[in-house]
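We did not get these values from a lab; they are worked out from the coordinates using the rules stated. Bear in mind the structure is a predicted one, so any value in this text is a computation, not a measurement. Don't worry about glycine lacking a Cβ; one is built from the backbone with ideal geometry, like all the others, and counts go over all protein chains shown.
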Amino acid sequence: MCERHLAVFTVVAVTLAFVSCSSARLAPDFIHPCNNTESTCLIQATQDAIPDFARGLPLLGVPALDPFVIDELPIQLPGVKVTFLDGKVTGLRKCQVLNVQAYLENNIFVLEIKCNITIKGKYTAVGRLLLFPINGEGDSKIKIVNSVIKLNIKTMYFKDAEGRDHFGIKNYKYTFDYGDRVHYTINNLFKGNPELSNTVLQFLNENWRVVTEEFGQPVVDYAMNVTIETAKKFFSAVPYDELLHVPIPKY
Ligand SMILES: *[C@@H]1O[C@H](CO)[C@@H](O)[C@H](O)[C@H]1NC(C)=O
Ligand SMILES: *[C@@H]1O[C@H](CO)[C@@H](O)[C@H](O)[C@H]1NC(C)=O
Ligand SMILES: *[C@@H]1O[C@H](CO)[C@@H](O)[C@H](O)[C@H]1NC(C)=O
C-alpha cells in the first residue's frame, strides 16, 4: 500500500518536474516580447531590456557590457603607438533607444541608440604627436556625449540541439556619430613636461572631432565587436519564441 503510494507519487513528481522543466522560460523577466514588429513596441522592449542586459547575465553565459573591461588595446596611429590598459567602459546601460526596425522575412534588424560613454584607463603613447616626440604614460579618461550609433544587422535563424529556433547574427555594419562633444582628460602625455602635456591636451580637446575620428575608429570597432559577440551569446541562449511573439518566417 505504502509502496504503491510512493510509486504514484514518484510518477507525479517526475511528471511535474518534466513539465515545469520543459516549459521553463530562459528569457529573463526584463524581456517583454512584442506581439508584432511595430517600431513603437520594439523600441520600448529594447529600452526595457538594455539596463539589465548591460549588467550581464552570468546564468546564460552573457558577459557584462557596462562596465566592460578592455584589458589591453593597441592602437596604431600615424606616427604614434597608443596602448590602452586596464580600461573600463561605462554608460551603455543608460543608452536611449531612438529606433528599432525588424524585417523578419528579409533578415534585417536596425537599431539606433544615443549614448553617453566614458572610457577610463591607463595608457602609453610612443612616437611623434604634432611634431613633438612623445613618450607618455599615465591615466586617461574619454567622455563621449550624445554619440549616436546606428547598427544594421543581417540576421539569420537556426535551430539548437533541441530543435528550438533562435535568432542569429550573420554580419553587421554600423555608423558611429561622435555626437555633441568628446572630452579628453589625459595626464603626463610628455613625461616630465607638464606644460607641453597641458598644451597638447588642450589642442586635443579643441580639435576633438578630428582627433576622435582619427583615433576613435579602432576603439569603436573593438567595442562593436564585443557588443555583437555578446548579443550572439544571448541569442544562442534564449530561443526566438521567448524574444518575439511573432511567427518565425520559413527558413
Ligand atoms: C502581447 O500579448 C499578450 C497577451 O495578449 C499581453 O499580455 C502582452 O502584454 C502583449 N505584449 C506587449 C509587449 O504588448
Ligand atoms: C548625456 O549627457 C548629457 C549632458 O550631461 C545629457 O544632457 C544627455 O541627456 C545625456 N544623454 C543620454 C543619451 O543619456
Ligand atoms: C571579434 O571578437 C571575437 C571574439 O572575441 C574574435 O574572435 C574576433 O577576431 C573579433 N573580430 C574582430 C574583427 O575584431
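Here the gap between residue 165 and residue 217, fully extended at 0.36 nm per residue and compared with their Cα-Cα distance, gives a gain of 15.2 nm. Each residue, residue 175 and residue 93, gets one label point 7 Å from its Cα in the Cβ direction; the gap between the two is 3.1 nm.
Exposed loop sites here mean GluC sites (Glu not before Pro) with a DSSP loop assignment and at most 14 other beta-carbon atoms within 10 Å; the chain contains its longest site-free run at 163-251.
All Cα-Cα separations within region 170-251 were binned at 10 Å from zero, giving a P(r) of 14, 28, 23, 17, 11, 6, 1, each value a whole percent of the pairs.
Placing R0 at 22 angstrom, the Cβ-Cβ distance between residue 207 and residue 86 gives a FRET efficiency of 0.25 after rounding to 0.05.
If you run the Gaussian network model on the chain, springs between alpha carbon atoms under 10 Å, then out of 68, 235, 203 the most flexible one is 203. By other beta-carbon atoms within 10 Å, ranking 184, 240 with the fewest at the front produces 184, 240. Annotation: region 30-242 has a Kirkwood hydrodynamic radius of 18.8 angstrom, from the mean reciprocal C-alpha pair distance.
Which FRET efficiency value, to the nearest 0.05, is calculated for residue 52 and residue 183 with the Förster distance at 30 angstrom and r the Cβ-Cβ distance? E(calc), rounded to 0.05, equals 0.60. Of the cross-linked pairs 94/141; 81/120; 94/173; 122/191; 143/233; 114/191, those separated by over 25 Å at the C-alpha level are 143/233; 114/191. Charged neighbours of residue 79, selected by a Cβ distance under 15 Å, balance to +1 (K, R count +1; D, E count -1). Sorted fewest first by neighbouring Cβ atoms within 10 angstrom, 196, 189, 57 come out as 196, 57, 189. If I fit a long axis through the Cα atoms of helix 39-55 and take the longest principal axis of the Cα atoms of the chain, what angle between them do I get, 0 to 90°, rounded to 10? Value to nearest ten degrees: 80. Between residue 35 and residue 199, the modelled labels are 6.7 nm apart [label points 7 Å from Cα along Cα→Cβ].
Springs join every pair of Cα atoms under 10 Å in this Gaussian network model of the chain, and among 53, 84, 158 the largest mean-square fluctuation is at 158.
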